[in-house]
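The values are calculated or read from the model by the stated rules, or taken from the named source; none is laboratory data. Computed from a predicted model, the values in this text were never measured in an experiment. FYI the Cβ positions are ideal-geometry reconstructions off the backbone, even for glycines, and counts take in every protein chain you see. Just the protein is used for accessible areas: all its heavy atoms, side chains included, with ligands, DNA and RNA removed. Shrake-Rupley method; radii C 1.70, N 1.55, O 1.52, S 1.80 Å.
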Amino acid sequence: MLELLPGLVRIYEGWAERYPGVEPLTVQFAPDGDQGGLNGVLAYPLEDHWLLVTFGLTELGEKTSEQTAVSGAGFEFTCRIPREPDDTSVPAWILRVLHALADRFLAGVDLDVGHWIITPSPLGGDPANGEMTSLAIVPDVDLRFLDTDNGLVLFFQIVGLLAEEGEEAQRADTVAPLMALLRDRDPKMITDPGREPVRI
C-alpha cells in the first residue's frame, strides 16, 4: 500500500512539518509500465491555493539505485495553483502538466533549477489558461530538500509563465531575473493564469 512506503511517509512527514493539521488529498496515477513514472500527487488544500507535491520520481520503497546520496531521480516536483475556499478537487490540467514533465524527464530530457520550458498551448491543454504557455523550475519556496533513508530528495517548484515572459527568458537566455521579480510580488510563486505579467 502506498501509505506504508517509507519514502512516501518521509515526504508526507516533511510537508506536515510545514503545514501542520492540513490533510492532503492523494491523487494516484495508473502505472506507466516498465518505465515507471509518477505514482501520484499529494494535494494540500491551503487557504488560497493548492500545494501539489509529486511522488514516484524518488524511491518510495526499498533502495534500488546504486547512488546512495540521492533517492531515485533526486527530486520531486511541486506546484502551487489558485484555489477557491470551497474547492475540493484538484484541476485536471495541473495533473496533466506534472505527469507530462515527469514523462519528459524519464524520456531523457534534462530538467533542473533554472530551466524553462516553452509549451505549444496553454498549460495542460486548458484554453482557460490563456496566455500561460511556459514553465520555469525554481527551488521550492517552502521546502528545498529532505533527507531520507534512501538519500536526498530535492523539491523543484514549477512556476507558470505568461507567453511574453517565456519570450523574455528566451531573449535573455535566463529566467532568473523574471523569477526574482515574481518572487518579490508573490513569495509563494503561485501559478495563476490570471495574474499580470512581470516585466524586466
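If you go through the stretch 11-39, how many residues are open to solvent by less than 50 Å² (accessible area, probe 1.4 Å), within 15 Å of the chain's Cα centre (by Cα) and closer than 22 Å to LEU152 by Cα?
4
Could you go through the stretch 138-158 and let me know if any residue there is on the phi > 0 side of the Ramachandran plot, assigned to a strand (DSSP E or B) and surrounded by fewer than 23 Cβ atoms within 10 Å (Cβ to Cβ). Please lay out each step first, then the result.
Step one: of the stretch 138-158, the residues on the phi > 0 side of the Ramachandran plot are 151.
So of that shortlist, the ones also assigned to a strand (DSSP E or B) come out as 151.
If we keep only those that are surrounded by fewer than 23 Cβ atoms within 10 Å (Cβ to Cβ) as well, we get 151.
Yes: the stretch 138-158 contains one or more residues that are on the phi > 0 side of the Ramachandran plot, assigned to a strand (DSSP E or B) and surrounded by fewer than 23 Cβ atoms within 10 Å (Cβ to Cβ).
Which residue out of ILE200, ILE190 is touching a His at 6+ places or on another chain (Cβ under 7 Å) and open to solvent by 10 Å² or more (accessible area, probe 1.4 Å)? It would help to see each step written out before you state the result.
On the way: ILE200 fails: touching a His at 6+ places or on another chain (Cβ under 7 Å).
Result of the check over ILE200, ILE190: ILE190.
Identify all residues within the stretch 83-99 that are open to solvent by 100 Å² or more (accessible area, probe 1.4 Å) and either more than 17 Å from GLY40 (Cα to Cα) or of a type in the set (Ser, Thr, Tyr) (or both); write none if there are none.
GLU84, PRO85, ASP86, THR88
Residue under question is LEU42, and the condition is that it be surrounded by fewer than 23 Cβ atoms within 10 Å (Cβ to Cβ) and not aromatic (Phe, Trp, Tyr); does it hold? Step through it out loud before you land on a result.
On the way: surrounded by fewer than 23 Cβ atoms within 10 Å (Cβ to Cβ): yes; not aromatic (Phe, Trp, Tyr): yes.
For LEU42, the condition - surrounded by fewer than 23 Cβ atoms within 10 Å (Cβ to Cβ) and not aromatic (Phe, Trp, Tyr) - is met.
Residues to consider are PRO120, PRO82, PRO127; find the one that is more than 17 Å from the chain's Cα centre (by Cα) and in contact (Cβ under 8 Å) with a residue 12 or more places away in the chain.
The unique qualifying residue is PRO120.
Please determine whether any residue of the stretch 165-175 is touching a Gly at 6+ places or on another chain (Cβ under 8 Å) and either farther than 30 Å from VAL9 by Cα or in a loop (DSSP other than H, G, I, E, B) (or both). Lay out the reasoning, then the answer.
The initial filter retains those residues of the stretch 165-175 that are touching a Gly at 6+ places or on another chain (Cβ under 8 Å), namely 174-175.
This time we only want the ones that are either farther than 30 Å from VAL9 by Cα or in a loop (DSSP other than H, G, I, E, B) (or both), so: 174-175.
Yes, there is a match, as at least one residue in the stretch 165-175 is touching a Gly at 6+ places or on another chain (Cβ under 8 Å) and either farther than 30 Å from VAL9 by Cα or in a loop (DSSP other than H, G, I, E, B) (or both).
Which residues, taken from the stretch 64-81, are modelled with pLDDT of 90 or more and surrounded by 14 or more Cβ atoms within 10 Å (Cβ to Cβ)?
Within the stretch 64-81, VAL70, SER71, GLY72, ALA73, GLY74, PHE75, GLU76, PHE77, THR78, CYS79, ARG80, ILE81 meet the criteria.
Considering only residues that are free of Cβ contacts under 8 Å to residues at least 60 places away in the same chain and surrounded by 14 or more Cβ atoms within 10 Å (Cβ to Cβ), which ones fall in the stretch 165-180?
GLU165, GLY166, GLU167, GLU168, ALA169, LEU178, MET179
How do the strands (runs of 3 or more DSSP E) wholly within the stretch 1-120 filter down when requiring 2 or more residues that are among the hydrophobic types (A, V, I, L, M, F, W, C) and under 25 Å from SER134 (Cβ atoms): which remain?
Where strands (runs of 3 or more DSSP E) fall fully within the stretch 1-120 and carry at least 2 residues being among the hydrophobic types (A, V, I, L, M, F, W, C) and under 25 Å from SER134 (Cβ atoms), they are 40-45, 49-55, 70-82, 116-118.
Take the stretch 100-115 and flag every residue that is within 15 Å of PHE55 (Cβ to Cβ) and surrounded by fewer than 17 Cβ atoms within 10 Å (Cβ to Cβ).
Start the filter on the stretch 100-115 by keeping residues that are within 15 Å of PHE55 (Cβ to Cβ), which leaves 101-102, 105-106.
Within the stretch 100-115, just LEU106 meets the criteria.
Going by the conditions given, is PRO127 surrounded by 13 or more Cβ atoms within 10 Å (Cβ to Cβ) and either touching a helix residue (DSSP H, G or I) at 6+ places or on another chain (Cβ under 7 Å) or at pLDDT below 95 (or both)?
Numbers: surrounded by 13 or more Cβ atoms within 10 Å (Cβ to Cβ): no; either touching a helix residue (DSSP H, G or I) at 6+ places or on another chain (Cβ under 7 Å) or at pLDDT below 95 (or both): yes.
Criteria not met by PRO127.
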